[in-house]
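The values are calculated or read from the model by the stated rules, or taken from the named source; none is laboratory data. From a predicted model like this one, the values you see are computed outputs, not experimental measurements. Positions of Cβ are backbone-derived with ideal geometry, glycine not excepted, and every protein chain shown enters the neighbour counts.
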Amino acid sequence: MSPSPFLSEVSRHIWETKYRYRNGEAHDRSIADTWQRVARALAAVEQEPARWEPRFRALLDDFRFLPGGRILAGAGTAHEVTLFNCFVMGIIEDSLDGVFDALKEGALTMQQGGGVGYDFSTLRPRGSRAHRVGTIASGPVSFMRIWDAMCATLLSTGARRGAMMATLRCDHPDIEEFITAKHQPGELRHFNLSVQITDDFMQAVENDDPWPLVFPRDALADDDPGEGTVERVWSGRRDPVPCRVLRTVRARELWDRIMRATYDYAEPGVLFIDRINWLNNLAWRERITATNPCGEVPLPPYGACDLGSVNLTRFVREPFSSRAALDETAIAATVREAVRFMDNVIDASRFPLPQQAETERGCRRIGLGITGLADALILLNRRYDSEAGVAQAARIMALICHTAYRASIDLAKEKGAFPVFEREPYLDSAFVATLPADIRDGIAAHGIRNSHLTAIAPTGTISLLANNVSSGLEPVFDFAYQRRVLEADGQYREYALEDYAWRLWQQIHPGEPRPDSFVDVNDLRPADHLRMQAAIQPHVDNAISKTINVPADYPFEDFRHIYHEAWRQGLKGCTTFRPNPVTGAILQAPAEESRHCCNLEREAD
C-alpha cells in the first residue's frame, strides 16, 4: 500500500469532511479514490475517455493541480450539485416581483453549492417613491437583509456554508448606508461588501471635487426632489441614461468614510470597475458590475467561475539548495492538461439555472491560477518582499498565462472556439492586445476555446488539503500556529498547523535556524502586498483575490492610502483585513452571529 499523501491530521480532516464522497456509505476509501472519481467524470465528456482519464488522474496526483472545491466534492457523484464554485446572478429588477425572483434564483444556486454575487445598484434609494404604486422605497441595504436571512436558513438545513458578494455603485444615493451596513455584530454576516469605484470618482477624490449621488430618472417619481441631471451608464443598462442628482457630497469625504469603515471593520473592499470592464476580453458584448464572493472572477449577469490552481511547491527541484529551481517544463505541461480539464467541467457540470448554462457555455470562461506561491519562493531561497521574489512570481504567472492561451487555441482547433467568439473585437480587447504575437496569430487563425483563462483564487481550504501550502499568492500567515476548524457537527476543533515549507526545512535541516527567505505576513508592509499583486495582475485576465493583512496597531493615516495606491498601480480591486471587535482576527473563530464570510474558516474554494 502506498503511503498516505497527508502529512497532517488537519489535511485528512479536510478531505474527510469536505471532499470525500459519501452517499449513505463512504464511496471514496482514500483520496486516491477521490482523484480517480474526479478524473473519470471529467474524462467522460471526451470522445476518447480512456485516453484522458489516466492523464487527468496524473494531473491530480500528489496535489500538483488543485481543482476548485466544488469539482472535488461533486464530480462523479450522484449528488445534484454544480461543479462551479460561484456565480454572479442576474440583474435585480426594481420591483417586488423582481426582488423575490432574484432571491429565489439565489436560493436555488446556493442550494446546489454555488456562492453568489449581486449588484444591488438597480434598487431605488431609501425614501424615493415608486412610479406606479406610490410606495416609499426602503433601499438596497434593507433588501440585502432578506438575502442574508435566506443564506442563514440554507446553512441551518445543512447546505454548504453560504457565501455572497454585494456590490453598490459609488454614486448610488445609499452608498453611505452600504459602507456602514456591517458595523453592528450579526448584521449581513453572509455577505462580503465591495464598492464599485469608477475612475471619475478617483479623480474627484484626488481633486477634492463635489461628487453627485444619482439614480436613473425614469425609475423615480416625477416629483422626487433633485439637483439636476447627469448621464450615466447605470447598472443593468447598456447605454448612458439620464440620472437625477439626488444629493452631492465631497468625494474625498466619501472616500475617507470607505477607508475608515474598512480600517475599523475590514469592509467594504473596492472594485475598480472601469478597469475591470476596460480589461474584459468580452468588453464589446458585456458589462460587469459584480464579482464572485472572493473577487477573483468579475462576471456578467449569470456568469460562473470554473476554478483551479497549480500548486507551485510541487515543481521546485532541490529546494533550499544553491541549485533550487522551478521545473518550468513540468509547469507548462500541467497547465496544458489543466486547461482541458477545466474546459470539460463546463460540459460535465449541472447548472442551477438555465441562464447560467447559456452564459457559461457561450463564453467557456475558466480561471486557472496558482497556489503555494509564498512557500515556493521560500524553497527557491527568495524572499516574498524582494525584487527577485516579485520578479520570479511575475515570470511564473506569465508562463502560466501564455501556456494556457496556447492550450486553449489548440482546443479550439480540435473542438471549436467558444460560441460567442468574434475574431476582431476579441483581438482588439485590451488584455488580448498585450499577448505575444504567436498567441494573437493563433487566435486570428483558429479562434480560442475559452474567453478568459486565468484567475487567482484564495484557495484557503484546498491549500490546507494539500498539506498546508501557502494560499493563492498570499504570503505565509505563520510557520506554526493553532487553527480552529469547523467540524461537521458545527463545533470547532483546534489543530496544530505547520507551514509546508517550514515542515520541509525541518526535515532537510533539522535543528537549523530558518534562513532569511522565511518571511510571514508579520514581516511585510502593505506596500509589499501591493507590489506582488501588481506584478502578477498583467498576466491575469480575470482578477486576483488578495487580502492585505494589517496589524491592529497600524496607523490610520498610513492605512488610508492603501486602496488609492492599489488604483494607481493598476489593480482591479483591493481588500484589507485588520483585526477588529466585529469580525475578530483572521484565524480566530468568532461567534456565529459575527462570523466574517471570507475569513479562513469559510470554504472559499
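Identify the residue in region 13-28 that is farther than 15 Å from Leu486 by Cβ, among the charged types (D, E, K, R) and surrounded by fewer than 18 Cβ atoms within 10 Å (Cβ to Cβ) and, among all such residues, is modelled with the lowest pLDDT.
Glu25
Being crowded, with 19+ Cβ neighbours inside 10 Å and part of a helix (DSSP H, G or I) is the filter here, so list the residues in region 264-276 that pass it.
Residues satisfying the conditions are Tyr265, Ile273, Arg275, Ile276.
Can you tell me which residues in region 1-31 are outside any loop (DSSP other than H, G, I, E, B) and either of a type in the set (Val, Ile, Thr) or touching a Ser or Thr at 6+ places or on another chain (Cβ under 8 Å) (or both)?
Start the filter on region 1-31 by keeping residues that are outside any loop (DSSP other than H, G, I, E, B), which leaves 9-19, 22, 26, 31.
The answer is Val10, Arg12, Ile14, Trp15, Thr17, Lys18, Tyr19, Ile31.
Output the residues belonging to region 197-223 that are free of Cβ contacts under 8 Å to residues at least 40 places away in the same chain and crowded, with 18+ Cβ neighbours inside 10 Å.
Within region 197-223, just Pro216 meets the criteria.
May I ask you to list the residues in region 289-330 that are over 30 Å from Ile197 (Cα atoms), charged (D, E, K, R) and in a loop (DSSP other than H, G, I, E, B)?
If the condition is that a residue be over 30 Å from Ile197 (Cα atoms), charged (D, E, K, R) and in a loop (DSSP other than H, G, I, E, B), then Glu318, Arg323, Asp327 are the ones that fit.
Looking only at region 152-177, filter to residues that are surrounded by 24 or more Cβ atoms within 10 Å (Cβ to Cβ) and under 12 Å from Ala107 (Cα atoms); which one of those is modelled with the highest pLDDT?
The extreme case among them is Met164.
Which condition breaks for Tyr265 when tested against (1) in contact with a strand residue (DSSP E or B) (Cβ under 9 Å, 6 or more places away or on another chain); (2) hydroxyl-bearing (Ser, Thr, Tyr); (3) in the same structural domain as Asp499 (by TED's automatic domain parsing)?
The number of the failed condition is (3).
For the structure I just gave you, tell me whether Arg364 is touching a Phe, Trp or Tyr at 6+ places or on another chain (Cβ under 9 Å), farther than 18 Å from Ala330 by Cβ and surrounded by 23 or more Cβ atoms within 10 Å (Cβ to Cβ).
yes
Failed condition for Pro242, given (1) part of a strand (DSSP E or B); (2) of a type outside the set (Ser, Thr, Tyr); (3) touching a Leu at 6+ places or on another chain (Cβ under 9 Å), with all others met?
(3)
With Ala391, Ala407, Ala374 as the choices, which residue is within 27 Å of Ala41 (Cβ to Cβ), touching a helix residue (DSSP H, G or I) at 6+ places or on another chain (Cβ under 9 Å) and in a helix (DSSP H, G or I)?
Ala407
Please determine whether any residue of region 63-78 is part of a loop (DSSP other than H, G, I, E, B), among the basic types (Lys, Arg) and farther than 23 Å from Val297 by Cα.
No, there is no match, as no residue in region 63-78 is part of a loop (DSSP other than H, G, I, E, B), among the basic types (Lys, Arg) and farther than 23 Å from Val297 by Cα.
Counting only residues that are acidic (Asp, Glu) and in contact (Cβ under 8 Å) with a residue 24 or more places away in the chain, which one in region 461-499 is surrounded by the most Cβ atoms within 10 Å (Cβ to Cβ)?
Top of the filtered list is Glu474.
Quick one: Gly226 ticks every box in (1) free of Cβ contacts under 8 Å to residues at least 24 places away in the same chain; (2) over 15 Å from Pro125 (Cα atoms) bar one, so which box is it?
All conditions are met except number (2).
Just checking, does region 247-259 include any residue being assigned by TED's automatic domain parsing to the domain that holds Phe201, touching a residue at least 24 places away in the same chain (Cβ under 8 Å), surrounded by fewer than 15 Cβ atoms within 10 Å (Cβ to Cβ) and of a type in the set (Val, Ile, Thr)?
Yes, region 247-259 contains a residue that is assigned by TED's automatic domain parsing to the domain that holds Phe201, touching a residue at least 24 places away in the same chain (Cβ under 8 Å), surrounded by fewer than 15 Cβ atoms within 10 Å (Cβ to Cβ) and of a type in the set (Val, Ile, Thr).
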